[in-house]
1. Only residues that are in a helix (DSSP H, G or I) and open to solvent by 70 Å² or more (accessible area, probe 1.4 Å): list them for the range 67-92, please.
2. Do you know which of the residues in the range 106-116 that are in contact with an Asp or Glu (Cβ under 9 Å, 6 or more places away or on another chain) and farther than 13 Å from Y88 by Cβ is modelled with the lowest pLDDT?
3. Restricted to the range 24-47, and to residues that are open to solvent by 50 Å² or more (accessible area, probe 1.4 Å) and under 12 Å from I193 (Cα atoms), which residue is modelled with the lowest pLDDT?
4. Confirm whether T156 is of a type in the set (V, I, T) and in contact with an Asp or Glu (Cβ under 7 Å, 6 or more places away or on another chain).
5. Out of the residues in the range 167-180 that are of a type in the set (D, E, K, R) and within 12 Å of the chain's Cα centre (by Cα), state the one that is most open to solvent (accessible area, probe 1.4 Å).
6. Could you run through the range 127-141 and say how many residues are in a helix (DSSP H, G or I), open to solvent by 40 Å² or more (accessible area, probe 1.4 Å) and modelled with pLDDT under 95?
7. Can you tell me which residue within the range 1-23, out of those that are modelled with pLDDT of 95 or more and basic (K, R), is nearest to K82 (Cα to Cα)?
8. Residue by residue through the range 46-80, note down the ones that are small (G, A, S) and more than 9 Å from the chain's Cα centre (by Cα).
Amino acid sequence: MKDVIHLFHERKNEVEIYFEHAKNAWFVDASLLFTDDIKTKQVVKLSVELKQILLANTFLLLYNLVESSISSAMEEIYKTIKNQKIPYNNVKSNIQEEIITHIRKNVAPNRFVQSINDIAIDILNHHPTSRDFFSGNIDREVIKDISRRYGFSTETQAMDTKNGEKLKAIKRNRNDLAHGFVSFKECGQERGILEMEEIKNESLLYIEQILNNIEQFLEDKKYLKS
């Protein structure tokens, strides 16, 4: 899980670097808006459009970080169980059900049979991977649902994270941009830089604390039957 958290912080730093440049661009040349020079006014107009595009692109960066971080953390649960060679029967029933559901949907029967020597151990070789959990649909409600199914906590410092409520806006805007329902300019027109900074800060902190909760879940071995 340490690798997952380390990767999260690397990608978080990428978002922060990007957003700092977007923020600097947002406030640059503001005084030029009051000039009567025709050429300068044209430059300012283009600059405003670029600022909106930069702002909208923040949704893509944030969503990618959210999905990749939580997906990797979920895979880490299975890697931990597998690496410790914990028998299937010793794992909590809700996780057993997740494994069986994944196998039924994604593993051909002949491939499954050929890969099994000791079914109590080898069945865990067919666990979901990070690519299997989400596909453009992750938000706070999805994280809550998966936490109920696996058993880790979603409690965070609500004053600072707003319990991840901004993830819904991140998902919606990311999907609208990814599918071409809105242009980057249109998306960027809807929000100011300070509101976007709030969305960024709250969502990053929320995901960080969820990852810490999953790490605690693994350290306490709450994936085992009691």
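The values are calculated or read from the model by the stated rules, or taken from the named source; none is laboratory data. Values in this document were obtained by computation on a predicted structure and should not be read as measured data. Backbone-built Cβ (ideal geometry, glycine too); neighbour counts: all protein chains shown. Calculation scope for accessible area: heavy atoms of the full protein, side chains included, ligands and nucleic acids excluded. Shrake-Rupley method; radii C 1.70, N 1.55, O 1.52, S 1.80 Å.
1. Let us first name the residues in the range 67-92 that are in a helix (DSSP H, G or I), namely 67-83, 88-90.
Of everything in the range 67-92, those that are in a helix (DSSP H, G or I) and open to solvent by 70 Å² or more (accessible area, probe 1.4 Å) turn out to be K79, K82, N83, N89, N90.
2. Looking only at the range 106-116, we keep the residues that are in contact with an Asp or Glu (Cβ under 9 Å, 6 or more places away or on another chain), and these are 106, 115-116.
Next, from what is left, pick out any that are farther than 13 Å from Y88 by Cβ: 106, 115.
On the way: N106: 74, S115: 66.
Ranking the qualifying residues of the range 106-116, first place goes to S115.
3. The extreme case among them is F27.
4. On the way: of a type in the set (V, I, T): yes; in contact with an Asp or Glu (Cβ under 7 Å, 6 or more places away or on another chain): no.
Here the answer is no, as T156 does not meet what is asked.
5. Step one: list which residues in the range 167-180 are of a type in the set (D, E, K, R), which gives 168, 171-172, 174, 176.
Okay, now just the ones that are also within 12 Å of the chain's Cα centre (by Cα), so 168, 171, 174.
Values: K168: 133, K171: 47, R174: 55 Å².
Here the residue is K168.
6. Within the range 127-141, the subset in a helix (DSSP H, G or I) is 130-132, 140-141.
Narrowing the set further to residues that are open to solvent by 40 Å² or more (accessible area, probe 1.4 Å) leaves 131-132, 140-141.
Those left that are additionally modelled with pLDDT under 95: 131-132.
Going through the range 127-141 one residue at a time, the tally reaches 2.
7. Among residues in the range 1-23 that are modelled with pLDDT of 95 or more and basic (K, R), the one nearest to K82 (Cα to Cα) is R11.
8. Filtering the range 46-80 for residues small (G, A, S) gives 47, 56, 68-69, 71-73.
Correct list: S47, A56, S72, A73.
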